[in-house]
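**Q** Can you read through this structure? Questions will come right after.
Any read-out appearing in this document is the output of simple, stated calculations on the displayed coordinates, not a laboratory observation. Just so it is clear, the structure is predicted and the values come from calculations on it, not from any experiment. Cβ sites come from the backbone with ideal geometry, for glycine too, and all protein chains shown count toward neighbours.
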Amino acid sequence: VKPIFFITGTDTGAGKTVLTALLAQYLRERGVQVAALKPLCSGGREDAQVLHAALAGALTLDEINPWHFRAPIAPLLAARREKKSLRLAAVRKHILAMRKRFAVTLVEGAGGLLSPLGEGFDSRGLMAALGAAPIIVAPNRLGVVNHLLLTLEALPEKMHERAMVVLMSPEKPDAATASNVELLGQFFPKKNIFMLPWLGRRFALTEALNKTSIKRTLSALLPGSEIQATR
Ligand SMILES: Nc1ncnc2c1ncn2[C@@H]1O[C@H](COP(=O)(O)OP(=O)(O)OP(=O)(O)O)[C@@H](O)[C@H]1O
Ligand SMILES: [Mg+2]
């Protein structure tokens with residue numbers, strides 16, 4: 001089966017789009033056919049535009065992001081303000097249709113794991129309906145271990161086993177940044193914890209991918225055998 005990776009986070013602004021775009025660009029550079037989707041946007045389509053650029057035309061903006069609502073609040077409420085409602089089955093159907101055309105599919109959620117997306121579902125429900133592997137992005141600062149453990153605990157056992165965590169380095173590290181991996185590693189398998197550096201206020205994906213350490217992290221994050229097999 002062709003893999004779907006679902007990029008969620010401990011919070012909004014955690015770095016989900018940065019990671020999804022890096023993964024998309026990285027896979028594309030390796031010659032892997034990759035789709036990167038942000039099915040729901042609220043308050044602007046910037047995330048979808050970033051993914052659109054990373055895909056270099058492999059998908060249209062509307063294929064990447066079929067549902068977008070004006071209000072910058074949870075998609076569930078933003079949709080209701082426009083007298084619209086969104087069902088899990090419709091989102092699932094779109095993602096599975098896109099998957100048919102690609103070897104690997106990346107899906108960025110909105111907000112965190114339990115942020116309401118549509119009528120009666122959140123990222124956790126969508127992920128389960130897709131059988132996707134969870135990637136949880138979190139800012140590497142004091143307090144993140146609590147946020148990660150809460151998020152991980154909310155995953156059903158099967159998903160918990162497949163979950164991977166990515167700690168995003170902030171521009172300015174705090175007293176906990178350097179020790180968070182170690183601490184989290186006491187509660188969650190260390191082999192499933194990854195770290196990405198701060199890339200600067202304005203960075204180019206291609207430049208970031210010139211760094212061997214970043215490429216190594218991204219390739220370790222995606223189970224190589226699965227990706228290789230689908231090339
Ligand atoms: N490693 C990093 N290096 C440089 N900038 C980063 C890094 N991680 C995150 N950022 C910046 O932090 C901000 C939030 O990141 P991002 O948009 O990826 O979060 P998100 O989880 O996708 O948020 P949303 O909930 O809005 O989708 C962005 O301006 C992004 O460029
Ligand atoms: Mg985003």
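**Q** Roughly what % of DSSP beta bridges within the chain run antiparallel, to the nearest 5?
**A** About 5 percent, rounded to the nearest 5.
**Q** Okay, next question. On a C-alpha basis, how far is the centre of the range 175-211 from the centre of the range 10-69 in Å? Whole number, if you could?
**A** Centre-to-centre (Cα) distance: 20 Å.
**Q** Mind jotting down a quarter of the surface of the convex hull over the alpha carbons of the chain, in square nanometres, one decimal?
**A** If I average the Cα hull's projected area over directions, I get 11.7 nm².
**Q** About the Cα centre, and with charges only on the beta carbon of Lys, Arg (+1) and Asp, Glu (-1), how big is the dipole of the range 31-114? Nearest 20 debye, please. Each step should come with its number before you reach the end.
**A** On the way: 13 positive and 6 negative charges, 91 e Å.
In debye, rounded to 20, the range 31-114 gives about 440.
**Q** How far, in nm, would the chain grow between residue 129 and residue 146 when pulled straight, counting 0.36 nm per residue and subtracting the alpha carbon separation?
**A** That pair, residue 129 and residue 146, stretches by 3.5 nm at full extension.
**Q** Send over the Kirkwood Rh of the range 94-231, from the inverse of the averaged 1/r over different Cα pairs, rounded to one decimal Å.
**A** Values: mean 1/r = 0.0605 Å⁻¹.
About 16.5 Å, per the Kirkwood formula over Cα pairs.
**Q** Would you mind computing Rg(Cα) / (2.2 N^0.38 Å) for the range 19-76, counting N as its residues? Each step should come with its number before you reach the end.
**A** On the way: Rg = 11.8 Å, N = 58, 2.2 N^0.38 = 10.3 Å.
Ratio of Cα Rg to 2.2 N^0.38 Å: 1.15.
**Q** Let me ask something else. Expressed as a fraction of 2.2 N^0.38 Å, the rule-of-thumb size for a compact globular protein of N residues, what is the C-alpha radius of gyration of the range 149-198?
**A** Dividing the Cα Rg of the range 149-198 by 2.2 N^0.38 Å gives 1.21.
**Q** Can you give the relative contact order of the chain as a percent, counting alpha carbon pairs under 8 Å and 6+ residues apart?
**A** 24 percent
**Q** Here is a further query. Can you give the FRET efficiency for residue 181 and residue 85, using 1/(1 + (r/R0)^6), R0 = 35 Å, r = Cβ-Cβ distance, to the nearest 0.05?
**A** 0.30
**Q** Right, something else. So for the chain, taking the charge dipole from beta-carbon charges (+1 Lys/Arg, -1 Asp/Glu), which of 86, 106, 60 sits furthest toward the positive end?
**A** Looking along the dipole axis, the top candidate is 60.
**Q** Per Stokes-Einstein, at 10 °C and 1.306 mPa s, what whole-number D in µm² s⁻¹ belongs to the range 111-184, with the Kirkwood radius over Cα pairs as the hydrodynamic radius?
**A** Working: Rh = 13.2 Å.
Value of D from the Cα-based Kirkwood radius: 120 µm²/s.
**Q** Charges only on Cβ, +1 for Lys and Arg, -1 for Asp and Glu: so what's the dipole of the chain about the Cα centre, in debye to the nearest 20? Can you show the working numbers first?
**A** Details: 30 positive and 18 negative charges, 118 e Å.
For this selection, approximately 560 debye.
**Q** At a 10 angstrom cut-off on C-beta neighbours, averaged per residue, how do the peptides 77-89, 118-130 rank from highest to lowest? Let's see the in-between values first.
**A** Values: 77-89: 14.5, 118-130: 19.5.
My ranking of the peptides, most packed first, is 118-130, 77-89.
**Q** Need one number: nm distance between label points at residue 206 and residue 191, each 7 Å from Cα along Cα→Cβ, rounded to one decimal.
**A** 3.6 nm
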